[in-house]
1. For the range 8-84, just the Cα set please: Rg and Dmax, both in angstrom.
2. For the range 1-114, give the magnitude of the charge dipole about the Cα centre (Cβ charges: +1 Lys/Arg, -1 Asp/Glu; no others), in debye to the nearest 20.
3. Can you give the alpha-carbon Rg of the range 59-98 over 2.2 N^0.38 Å, where N counts its residues?
4. Just report the Cα centroid separation between the range 135-158 and the range 40-103, whole Å.
5. How big is the range 93-155 by Rg and Dmax over its Cα atoms, in Å?
6. Pulled fully out, how much extra length does the chain show between residue 27 and residue 39, if you take 0.36 nm times their separation in residues and subtract their Cα-Cα distance?
7. Would you be so kind as to identify which of 102, 126, 33 lies farthest towards the positive end of the dipole of the chain, taking Lys and Arg as +1 and Asp and Glu as -1 on Cβ and the Cα centre as origin?
8. Helix-only mean residue ellipticity at 222 nm, the chain, DSSP H runs n ≥ 4 weighted -39,500 (n - 2.57), per residue, nearest 500. What is it?
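A short reminder: the numbers here are calculations on the coordinates, not readings from a lab. Being a predicted model, the structure only gives us computed values, none of them experimental. All Cβ positions, glycine included, derive from the backbone under ideal geometry; neighbour counts span all protein chains shown.
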Amino acid sequence: MPDVPSPTRDITVTVNGRTHHRTVPVRRLLVDFLREDLALTGTHIGCEHGVCGACTILVDGEPARSCITLAVQADGCEITTVEGLTPDDGLTPMQQAFTDHHALQCGFCTPGILLTLAAADPEDHPTDADVRTLLSGNLCRCTGYQHIIDAVNQAWDR
């Protein structure tokens, strides 16, 4: 049976403030587009089912799982990856708090957690329990979460 080429589609996405025009296979996952086509490897591939949160990015300011989103679905969207969080002059308050409180160990889950927190309004999550609920879609097997909660408390001045 002959190889049948995958259908493609032209997309335009703005990633971390930079606009990209690309032709992509219609079945290409957004996580693969970011990592392989744009070399933004801070977005991690974990479970590939949208459960672990390692692939979390922001799409038009809202958290999204890039491992279950097709690149063509992002056409016309503004995407933020972990690379887009860090200002030129250092770390964000949340990134600094993660460093101060040792809220990361292997770092695999950290980009997804940081992006989930970046989309959150600190005023909507006043308690540790609320932050735990907010982060319930981001699995971490190293820290036990308390250091992450401590970092959030520092960054959100709670």
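1. Rg, Dmax (Cα atoms, Å): 11.0, 30.
2. 280
3. On the way: Rg = 12.7 Å, N = 40, 2.2 N^0.38 = 8.9 Å.
After normalising by residue count via 2.2 N^0.38 Å, the value is 1.42.
4. With the range 135-158 and the range 40-103 each reduced to a Cα centre, they are spaced 16 Å.
5. 10.3, 29
6. Roughly 2.4 nm would be gained on extension.
7. Farthest towards the positive pole: 33.
8. -6000 deg cm²/dmol
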